[in-house]
1. Per residue, how large is the accessible surface of segment 245-323? Use a 1.4 angstrom probe and give square angstrom.
2. Once the convex hull of the alpha carbons of segment 254-354 is built, what does its volume come to per residue, in cubic angstrom?
3. Can you give me the Kirkwood hydrodynamic radius for segment 129-176, using every pair of distinct Cα atoms, in Å to one decimal?
4. Order 213-219, 279-285 from most to least packed using the mean count of other Cβ atoms within 10 Å.
5. With every atom except the alpha carbons ignored, what do you get for Rg and Dmax of segment 232-295, in angstroms?
Amino acid sequence: MVVSCALLAGCSAAGEQFDPPASTGEVLTGAGGGSASGGWASSSGLSDDPGEVGGGWPSGKLGPPYPIVLAHGFFGFEDFAGAGYVSYFYNLKETLAESGETIFTPAVDPFNSSEVRGAQLLARIEQILDATGHEKVNIIAHSQGGLDARVVAHDRPDLVASIVTVATPHLGSKVADVALELVAHERLQDILDDLINAIGAPLYDQIGNETSVFAALEQFSTPGIAEFNARFTDAPGVFYASFGGRTNRARGGRDCTTLTPAPFVAQFDDGLDPVHPLLSLTETLLDGGIGESFPNDGLVRARDARWGDFWGCIPADHFDEIGQLFGQSPGDGNPWLYIDFYRSVIARLRQEGF
């Protein structure tokens, strides 16, 4: 079941590469941002003159509109088996870049705690800001990527304007609790970590000897997430918002009710999402059964995804939220369009001055 959780939690994080600043040896993936990104052309008109974009800032950096960083979740990777075209946020950055947005998809360790992954994400964001000349970034994150983003904002709030999370287990996941109970023996955990490394090494290039699926699962557990939240509190001056997902044809209910709904979510209110077969077991585990039903996306309950301004629930399972698998339809009767959703999220951030 633990291996299944690893395979279910994400799909990939492939993308174009560009040369980072000469002082680092890291690799970034990006779209937009002009010639500095070397990926996709942007119509944002970036210039060496900070006064030409965002009116100029005392720091000499560029102000809003800030670049968008898409932060991948658990089991995210740079280039699945060398395919070169399989992306975690499926075909999203290319599409958004064609509309003139400056988009980056930095890759971090696929299996690890958000303390480790957050430090990696921060290093990549610093490179992005060096390359674009901007003062801050907006982070839109899926699943564990939202916890990584919170680490970045906690440690360097001066570099983050906003964080919007989609199906992030801010309050943990029962799936992790059950998985850890099933594999309680430390030696067995080590064996499975070795297995993950052996399987994963040929598939993606972010994996290393320190990679551990259990470091992530322990963080998602009830005691682990309590410790994480106590340590990585929200940073003043950073805007936080969140979405939950609902699948198995659930309508939502009180766990999806909010005083601050995003207007563009209403177009999907009548959508009922059929759960992906690969998520049916974990969805049933999270649902609660007869008499007590908890809307969830197959891996994260909506109530556990609420953080900051909760903008509502979307009719999508954990795959549909990022256009996986491979851009397939979310299912019969479901009007969910993930690319339109992310376009609307970015538009909302722009309206808020980010």
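The values are calculated or read from the model by the stated rules, or taken from the named source; none is laboratory data. Note that the structure is a prediction, hence the values are computed from the model and not measured. Quick reminder, even Gly has a Cβ in these numbers, built from the backbone with ideal geometry, and neighbours come from all protein chains shown. Accessible surface areas use protein heavy atoms only, side chains included; no ligands, DNA or RNA. Shrake-Rupley method; radii C 1.70, N 1.55, O 1.52, S 1.80 Å.
1. So segment 245-323 comes to 43 Å² accessible per residue, rounded to a whole number.
2. Expressed per residue, the convex hull around the Cα atoms of segment 254-354 is 109 Å³.
3. 11.5 Å is the Kirkwood radius here.
4. Working: 213-219: 23.7, 279-285: 18.7.
Final packing ranking: 213-219, 279-285.
5. Taking only Cα atoms of segment 232-295, I get Rg and Dmax of 14.6, 43 Å.
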